[in-house]
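Below is one structure; the comments refer to it alone.
The values are calculated or read from the model by the stated rules, or taken from the named source; none is laboratory data. Just so you know, these numbers come straight off a predicted model, no measurement behind them. Reconstructed Cβ throughout: ideal geometry from the backbone, glycine too, with neighbour counts over all protein chains shown. Each accessible area value is taken on the protein alone, full model and side chains, heavy atoms only, with ligands, DNA and RNA left out. Shrake-Rupley method; radii C 1.70, N 1.55, O 1.52, S 1.80 Å.
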Amino acid sequence: MNDIPYRAALIIGAGPGVGASLARRFSAAGLKVAIAARSAPSLAAIAAETGADAFAADATDPTSVEKLFAAAEAKLGEIDVVVYNVGARIRGPLAELDPEAVRQAFEINAFGGFLAAREAARRFGPRGRGALFFTGATASLKGYAISAPFAMGKFALRALAESAARELGPKGVHVAHIVVDGVIRAPGQSDAIDATLHPDDIADAYVDLLRQKRSAWSFEVTVRPWVEKF
């Protein structure tokens, strides 16, 4: 019996790691799934494996995001779960960073999250239900040296999630921010490497959030390998 009170999910940022695992886990849990990335062909393998519908979209472009939601709903019907799983990492000394590259990274990490949240709020608020999840990182809580652009974006994304939770939670919408605190295991990497997070195990945490009763919703969940220092 499906104990998840949702029927269709849109995963924005469905690469071969966490995004693919989310598609697998959501599909296995009985949800219809739509996946999106800049290039739809890159999603072909995930779509074939999970039965998800794939869409091309620019997460930083308002019109593209509006069209993505409309297209996903035309295919799947009412979307009631949205996951923003997009990220861009730029490293370098502050004095040497390219301003335009930093701007683009910030738009991917934070502004795109706002666009997804805006479309979700337009739908979930009036319905009085839905789930809106954001994928964060260690950088959501700590700004490391040589990694200012990533920290800027992830800090902003967490602030967006917190604000959205306070606005939409009382309307019946579950907003959650998932801090992925550690290195995500690459495809084909040995399962014996304890210091990395398995994407499927990360995805399980999202499924657990979907199962939560609204009398005890979690806003923030941190996942890390058991050997990770914090």
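GNM on the chain, C-alpha springs below 10 Å: top fluctuator among Asp208, Asp200, Asp80? Largest GNM mean-square fluctuation: Asp208. Computed in the context of the full set of protein chains, the accessible area of the range 7-221 at 1.4 Å probe radius has 55% of its extent on carbon or sulfur. The relative contact order of the range 7-221, computed from alpha carbon pairs under 8 Å that lie at least 6 residues apart in sequence, is 20 percent. By the Stokes-Einstein formula, at 1.567 mPa s and 4 °C, the range 1-83 with its Kirkwood radius over alpha-carbon pairs has D equal to 104 µm²/s. In the chain, helices alone account for a calculated mean residue ellipticity at 222 nm of -12500 deg cm²/dmol, with every DSSP H run of four or more residues adding -39,500 (n - 2.57). The residues packed around Thr63, meaning those with a beta-carbon under 13 Å from its beta-carbon, carry a net charge of -2 if Lys and Arg are +1 and Asp and Glu are -1. Of the options (1) 25, 20, 19; (2) 30, 20, 17; (3) 33, 20, 13, only one is semi-axes √(5λ) of the Cα gyration tensor in Å as computed from these coordinates, and that is (1). The residue list Ile146, Ala40, Leu157 was ranked by how far each Cα lies along the charge dipole of the range 7-221 toward its positive end, using unit charges on Cβ atoms, and Leu157 comes out on top.
Dipole magnitude for the chain: computed about the Cα centre from +1 point charges on Lys and Arg Cβ and -1 point charges on Asp and Glu Cβ, it is near 560 debye. Rounded to two decimals, the Cα radius of gyration of the range 181-230 over 2.2 N^0.38 Å is 1.32. Once the C-beta distance of Ala70 and Asp3 is scaled by a Förster radius of 25 Å, the resulting FRET efficiency is 0.25 to the nearest 0.05. Distance between the modelled labels on Trp226 and Asp61, one decimal in nanometres: 4.6 nm (7 Å Cα→Cβ projection).
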